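The values are calculated or read from the model by the stated rules, or taken from the named source; none is laboratory data. On a predicted model such as this, the values are computed, not experimentally measured, just so you know. Cβ sites come from the backbone with ideal geometry, for glycine too, and all protein chains shown count toward neighbours. Ligands, DNA and RNA are excluded from the accessible area calculation, which covers all protein heavy atoms including side chains. Shrake-Rupley method; radii C 1.70, N 1.55, O 1.52, S 1.80 Å.
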Amino acid sequence: MSAEQPLTGRARPDRRPHTLKEWRKLGGYDAVERGLKTMTPEEVLDTVAAANLNGRGGAGFPAATKWRFMPKPGEAPGDGPSYFIVNGDEMEPGAFKDRILLEAVPHQLIEGAILAAYATHASEIIVLIRDAYRDAIANMTRAIAEAEKAGYLGKNVLGSGFDVKMWVHPSAGRYIVGEETALIEALEGKRAVPRKRPPFPAQSGLWGRPTTVNNVETVSCVSHIVGNGAQWFRALSKTEEGGTKVFGVSGRVNKPQIIEAPMGTTAAELIERAGGVSGTGVLRCFQPGGGASGFLEPAEADIPLDFAHVAKAGSMFGTGTMIVLDESACPVGVIARHMAFYARESCGWCTPCRDGLPWVAEIMARLERGEGRMEDLEVLRDTVEIAGPRGRTFCDLMGGAMSPLGTGLARFGDLFEAHVREGCCPIARDYGRAAA
Amino acid sequence: MSLSKHLRSAITEEMDHHGGPRAAMLESLRMIQQEHGWVSDEHLEEAATLLGVTTAEIEDVATFYSLIFRQPVGEKVILLCDGASCYLNGAEDVRDAVMKRLGIGFGQTTPDGKYTLINICCVGGCDHAPAGVIGRNRKLVGPLTPETIDEILGEDAK
Ligand SMILES: Cc1cc2nc3c(=O)[nH]c(=O)nc-3n(C[C@H](O)[C@H](O)[C@H](O)COP(=O)(O)O)c2cc1C
Ligand code: SF4
Ligand code: FES
């Protein structure tokens, strides 16, 4: 089991975390010993590169490529540390995968963070965790104290000459904090508004020092790669992209849950393992990777889920936590909820997002009430055109919001029009709200 | 009422810890709120003085983060998820039932000061949808139904 599910296999059903002693018995910190005692930082980095580990925070950027931007000791201008930051802000609609990794297996994350900091020449590790994850904050804090006491954190770790500190920064709400440059602002005690890039965080990040930000799940993979080798990690996957994936399946399924499975597992298989489609039992569509990923339909339930394949299908693998809609669920209704969320969470910095999203949200609400007009659909299409993925906004929040809207309009345009023509939600009319 | 001795030293300690006064602002606000339920003007100003930042600086942070409360809240804060996975599992029926039962809308507190109701984005409990988090320790609750809301409302306020 745990060979196939390295990330979640050791998690207890009640999510009670292991003590350091218990974790050591399960092979914990072996990879840290191996990395720090027998490998150079460059060797750790090369191993992660060879493992094809893509970032699990949404964009799928290769972890090792990002790490290579970090300056070596002596190369960084000025004095001060480099930082390695773990992003545990998880707030994307439908995303609940980092929660289990933070709560149930905190030592796994510490191991990965130590090795990642070693490879990126960082001497301070900060784990930012959202306010609502209080168990995660408590469990991580406790595990860090244990690791420190045992000498895995601190000065001259395991006699390697490597010094590293680690602590938890609890956040206090706002989805935008998860955007990596906004997160850096937040850590500096400012309002979490994204920064202009360049300079990229590896050049000038927290307090102007070289900084790398990675997702909780990305970091949790690292000890397994260092411990078992790049080839082993690649072999876990069904595709070119290495590893397993901590998938989430929720929405209209009978047993919503976290499923760690090989990268490249299909939506059809994951939905089946989650007890099948609920409601009518017939799949209408799904978002493969959280709220900001575009809709896919039943014909695409058999594509291997990884960053490359999902992008090719016109969506985004994102967080890998899928939201499932059955025939009695209305995509217009789901999009309306998403738009209200993104509008509320806009940091307000740039105009298309600050002013455009509330407008879009209002139109969606109107459509759902059956008070929409055909011209409204034009406004929606224009907004997608102007601000769509990789559009003219300061960060990706707006582009992310446009993916469900854009793919929704493209795939379910007739349904949008039916809301206007019939003056109500045709799906609610046919199936009733009882299906919800 | 000014800040307790214990809180005052926790705030100064936080400042020495990592990154200095600015970086300590959010954690200071969190600690004040954990003890008092919300952050009053008086406490905000006291924290600013302790940290050596201006009131404007700390207010800037306090008002940005949605879970720092700058108004009094009820004994128990109920945060109901309005994310898509919860919506797809009847969150709005639960929302309506809670509002009816308490006689308040989102952002409001019951006249007896017992409950505050707030909507929140996905709480990472999509496997318990419809879900919410309640109380000062943000306990995850779900799947909620209109029939079982009394259980949550009755739970220990911590
Ligand atoms: C609005 C917004 C919110 C984000 N929230 C998160 C988040 O909660 N967690 C996360 O890991 N990445 C989040 N990201 C992505 C981060 O900016 C960053 O790319 C990521 O943490 C890098 O980690 P990775 O390379 O390991 O994927 C968000 C991005 C945007 C635009
Ligand atoms: S796109 Fe939205 S969230 Fe991002 S910087 Fe602009 S206003 Fe802020
Ligand atoms: S959508 Fe409600 S907990 Fe995730």
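Key figures for this structure:
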quantity: Residues of the stretch A:173-214 that turn out to be within 14 Å of chain B (Cβ to nearest Cβ), in contact with a strand residue (DSSP E or B) (Cβ under 7 Å, 6 or more places away or on another chain) and more than 16 Å from ligand 2 (Cβ to nearest atom), as a count; calculated: 5
quantity: The stretch B:92-112: number of residues that are under 17 Å from B:GLU151 (Cβ atoms), open to solvent by 10 Å² or more (accessible area, probe 1.4 Å) and within 14 Å of chain A (Cβ to nearest Cβ); calculated: 3
quantity: Only listed residue being open to solvent by 30 Å² or more (accessible area, probe 1.4 Å) and outside any loop (DSSP other than H, G, I, E, B), chosen from A:LYS21, A:LYS72; calculated: A:LYS21
quantity: Meets criteria (of a type in the set (A, V, I, L, M) and either without any contact (Cβ under 8 Å) to a residue 12 or more places away in the chain or more than 30 Å from B:ILE118 (Cα to Cα) (or both)) for A:VAL168; calculated: no
quantity: Failed criterion for A:VAL379 (all others in (1) under 24 Å from A:GLU422 (Cα atoms); (2) of a type in the set (Val, Ile, Thr); (3) buried (at least 18 other Cβ atoms within 10 Å of the Cβ) hold); calculated: (3)
quantity: Count - residues of the stretch A:355-404 that are within 16 Å of ligand 1 (Cβ to nearest atom) and part of a loop (DSSP other than H, G, I, E, B); calculated: 8
quantity: Selection status of A:ALA192, buried (at least 18 other Cβ atoms within 10 Å of the Cβ) and within 17 Å of A:GLY57 (Cβ to Cβ); calculated: yes
quantity: Filter pass, A:GLU345 being within 14 Å of chain B (Cβ to nearest Cβ), within 11 Å of ligand 2 (Cβ to nearest atom) and of a type in the set (D, E, K, R); calculated: yes
quantity: Residues located in the stretch A:94-128, provided they are within 16 Å of ligand 3 (Cβ to nearest atom) and either in a strand (DSSP E or B) or open to solvent by 10 Å² or more (accessible area, probe 1.4 Å) (or both); calculated: A:ARG99, A:ILE100, A:GLU103
quantity: Residues satisfying the stated conditions in the stretch A:338-354, i.e. in a helix (DSSP H, G or I), away from ligand 3 (no atom under 16 Å from the Cβ) and open to solvent by 50 Å² or more (accessible area, probe 1.4 Å); calculated: A:THR351, A:ARG354
quantity: Pairs, first among the aromatic types (Phe, Trp, Tyr) in the stretch B:127-152, second part of a loop (DSSP other than H, G, I, E, B) and away from ligand 3 (no atom under 15 Å from the Cβ), C-beta under 8 Å, six or more apart; calculated: none
quantity: Qualifying helices (runs of 4 or more DSSP H) (wholly inside the stretch B:49-158; at least 2 residues being of a type in the set (Gly, Ala, Ser)); calculated: B:55-64, B:84-87, B:91-102
quantity: Hits in the stretch A:40-69 (condition: surrounded by 19 or more Cβ atoms within 10 Å (Cβ to Cβ) and aromatic (Phe, Trp, Tyr)); calculated: A:TRP67
quantity: In the stretch A:239-264, residue nearest to ligand 1 (Cβ to nearest atom) [restricted to those that are of a type in the set (Asp, Glu) and not in a strand (DSSP E or B)]; calculated: A:GLU241
quantity: Residue match in the stretch B:130-153 (condition: in contact with a His (Cβ under 9 Å, 6 or more places away or on another chain) and open to solvent by 40 Å² or more (accessible area, probe 1.4 Å)); calculated: yes
quantity: Failed item, numbered, when A:ASP79 is tested on (1) at pLDDT below 95; (2) open to solvent by less than 50 Å² (accessible area, probe 1.4 Å); calculated: (2)
quantity: Counted residues, the stretch A:134-178 - those being open to solvent by less than 50 Å² (accessible area, probe 1.4 Å) and under 25 Å from the mean Cα position of the chain (by Cα); calculated: 21
